[in-house]
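The values are calculated or read from the model by the stated rules, or taken from the named source; none is laboratory data. These figures come from a predicted structure and were not determined experimentally. Glycine gets a Cβ as well: all are built from the backbone with ideal geometry, and neighbour counts include every protein chain shown. Protein only, heavy atoms only, side chains kept; ligands, DNA and RNA dropped before computing areas. Shrake-Rupley method; radii C 1.70, N 1.55, O 1.52, S 1.80 Å.
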Amino acid sequence: MSEARPQRPGLYYPKMPLTWWLARPGYVRFMIRELTSVFIAIFLVELLVLVHKVGQGPQAYADTAARLQSPGWMVFHVVALAFALYHTITWFKLTGVVQVVRLGDHKVPPALVVAGTFVAWGVVSLFILYWLLVRS
Amino acid sequence: MAPGKTMEPFWWSLFSVGGVVAAFLVPVHLFLHGLAIPLGWVSVGHGRLLALVGQPLVKIYLFVLIALPLYHWAHRFRFILEDLGLHGFRAPIAVLCYGSAIVGTVATLWVLIRV
Amino acid sequence: MTEETITLEVTRYRPGHDREPRTESFSVPYRKDWVVLDALNHIKDRVDGSLTYRWSCRMGVCGSCGMMVNGVPKLTCSAFLRDYHPGPIRVEPLANFPVIRDLVVSLDDFMEKLRRVKPWLIRTVEKPVSEGEYRQTPAQLDDYKQFSMCINCMLCYAACPVYGLAPAFVGPAAIALAYRYNMDSRDEGYRLREPILSESVGVWECTFVGECSVVCPKGVDPAAAIQRSKVAGAKDWAMSMLMPWGGRR
């Protein structure tokens, strides 16, 4: 793909180094944003295992839960939460850029769209906490 | 537009939906299952959990929560690999990434149906 | 009284002589109202007449003088020396393009992509003059105006790592211009622009790094145009799957 273009003699064709993403802060932030998906995926696999163990009985669940309490796993959880929050924040901010919201003839300012999304996120999160912890 | 001309819109759409699900739902679940419960800030008994995962609506919710962001990961990870120099291996990388997401989806279905 | 000076480290490349570009240092007067372009003109006028670079309007509307200044794509007519004081200032040809000579890059690739997106109003039937002018409400103008500000300076291509890694990518400016015409209420050419946008090296290659919009000197926000084109493309694809016999926009 990138090698397919025919090259004219005499012209100098610059090569992009593999460390291109370190060259500018914007690129570094981009890479971090993309890597959030890895941490999220690992956690979701962990969650699937937990759900599976719930079905295997109280002892199996307790054993797995205990293993996921180890220092290594707790460090992962903290790091993964930071990455997950970074995904949420960047995703909502980019949504404001992409989604044009119209009310009649006027465009809703993107900042307002983003703020609204964060509020919705807060409501959803609180609702999930309520559903799992308060409802019996 | 000829169908099958390129599947990119399909994978991008899954990536998009998975990204929305991950953005809205993953932080609170990470906080709950990764911090609050293991650290003992809150406790949820096994009996309650078992009752919850038995409910059809909860199963659907868990499927959305777990399976869809896998496609978000697959699409992003595919481009990470390409951007780190593996541009020439576009086809195998796509198979590896989207294939893993599909395997994960099947596994999720299997667990949720049985639990 | 000696005037303060600032150093410019300028890329030199002579086709046929040099295998690779090299850097040459020049000392130019440091004047508070000078831009990098003024410094380059000073070098060419007073020091080395062989220095080769493009420029024209020197006021940020023609898009000719795009170069890398300290690793950032900029219009040299808008890059003030005082913002880089005490220097040295690195001036290199625009990234991700083949270098013809010194600071001049080949624009052929972009020109070809620009042509392919058909950046003009397409009508199935032209309205005769006797029927009067096309009219647009402020809201209709607002739909595309921002994206019409593009001056084809290609700073966005220099900032885009995807274009650097995969030169087949159509690129920010071309897609933004396609979007500008697709969003114009007078235009009827959406279907004709679809093939180039819907290829895998069309909008789908973009990973929304966003640096294109950061460096754009005219506030075009090509990243937004590309993402919105992805949404439109995804809808088109879904419609073509669900209703292969019709579903035309």
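Which of the helices in chain C, when you take each full DSSP H run, stretch at least 20 Å along the axis at their Cα atoms and have an average Kyte-Doolittle score of -0.5 or higher?
Values: long enough: C:222-242 (30 Å, 0.16).
Result, helices passing both filters: C:222-242.
Taking beta carbons within 10 Å but only from partner chains, what does the mean come to for residues C:202-211?
Numbers: counts 2, 3, 6, 4, 2, 10, 8, 10, 7, 5.
Neighbouring Cβ atoms belonging to other protein chains average 6 per residue here.
Just counting partner chain Cβ atoms within 10 Å, what average do the residues of peptide A:28-35 show around their Cβ?
That average works out to 4.
Hey, any idea what the orientation-averaged projected area of the convex hull of chain C's Cα atoms comes to, in nm²?
Numbers: hull surface 69.8 nm².
Taking a quarter of the hull surface, the average projection is 17.5 nm².
Lone cysteines in chain C, defined as no other cysteine's Cβ under 4.7 Å from theirs: which are they?
Within chain C, the cysteines lacking a partner Cβ under 4.7 Å are C:Cys65, C:Cys77, C:Cys150, C:Cys153, C:Cys160, C:Cys206, C:Cys216.
How do the peptides A:94-104, C:207-217 rank, highest first, by the average count of neighbouring beta carbon atoms within 10 Å per residue?
Working: A:94-104: 14.6, C:207-217: 21.8.
Highest-to-lowest ranking by the protection proxy: C:207-217, A:94-104.
Over the alpha carbons of the protein assembly as shown, what is the largest minus smallest coordinate on each principal axis, giving the biggest first in Å?
Reported extents, whole Å, longest axis first: 85, 66, 42.
In peptide C:162-171, how many Cβ atoms from other protein chains are near each Cβ within 10 Å, on average? Before the final figure, lay out each step's value.
Numbers: counts 4, 2, 7, 10, 10, 7, 4, 2, 0, 0.
Across the residues of C:162-171, the mean count of other-chain Cβ atoms within 10 Å is 5.
Taking θ as phi - 60°, what are the ³J(HN,Hα) couplings along region C:35-48 by the Karplus curve (6.51, -1.76, 1.60), each to the nearest whole Hz, with x for Gly and Pro?
10, 4, 4, 4, 4, 4, 4, 4, 4, 5, 6, 10, 10, 9
Long-range amide H contacts for C:Val35: which residues qualify at under 5 Å (H placed 1.01 Å from N, peptide plane, sequence gap of 5 or more or a different chain)?
Close amide H contacts, sequence-distant or interchain: C:Leu81.
Under a crude label model (7 Å from the Cα following the beta-carbon direction), how far is A:Ala111 from A:Asp63 in nanometres?
That separation, rounded to one decimal, is 5.6 nm.
When the dipole is taken about the Cα centre of region C:108-242, and only Lys, Arg (+1) and Asp, Glu (-1) are charged at their Cβ, what size is it in debye, to the nearest 20?
140 debye
With +1 assigned to the C-beta of every Lys and Arg and -1 to the C-beta of every Asp and Glu, and no other charges, what is the dipole magnitude of the protein assembly as shown about the Cα centre in debye, to the nearest 20?
740 debye
Please work out the average accessible area per residue across the protein assembly as shown, using the 1.4 Å probe convention, and give it in Å².
48 Å²
For region A:30-136, what value does the Rg/Rh ratio take when both radii are computed over Cα atoms and Rh is the Kirkwood radius, given to two decimals?
1.10
Helix hunt in chain B: which complete DSSP H runs extend at least 15 Å axially by C-alpha with mean Kyte-Doolittle at least 0.0?
B:8-29, B:56-81, B:90-114
Can you list the DSSP H helices in chain A whose Cα atoms extend at least 30 Å along the helix axis and whose mean Kyte-Doolittle hydropathy is 1.0 or higher?
Result, helices passing both filters: A:25-54, A:71-98.
Could you run the numbers on buried accessible area between A and B, total for both chains, 1.4 angstrom probe, in Å² to the nearest 100?
Buried: approximately 4600 Å² between B and A.
How big a patch of accessible area, both sides summed and in Å² to the nearest 100, lies buried between A and C at a 1.4 Å probe?
Looking at A and C, the buried total is near 2600 Å².
Roughly how many Å is it from the Cα centre of region C:175-249 to that of region C:1-44, as a whole number?
If you average the Cα positions of each part, the centres end up 40 Å apart.
How large, in percent, is the carbon and sulfur part of the accessible surface of the protein assembly as shown at a probe radius of 1.4 Å?
Working: 15240 of 24160 Å².
C and S fraction of accessible area: 63 percent.
Ignoring ligands, DNA and RNA and using a 1.4 Å probe, state the total buried accessible area between C and B in Å², rounded to the nearest 100.
Counting protein atoms only, the buried area is about 1600 Å².
Taking H placed 1.01 Å from N in the peptide plane, check which residues at least 5 places from C:Gly189 or on another chain put their amide H under 5 Å from its amide H.
So C:Gly189 has HN proximity to C:Ile122.
Based on the alpha carbon coordinates of region C:119-249, what radius of gyration and maximum Cα-Cα distance (Dmax) apply, in Å?
15.7, 51
For a quick check: with amide H placed at 1.01 Å from N, whose amide H comes under 5 Å from C:Thr5's, ignoring anything fewer than 5 positions away on the same chain?
Residues meeting the amide H criterion: C:Tyr30.
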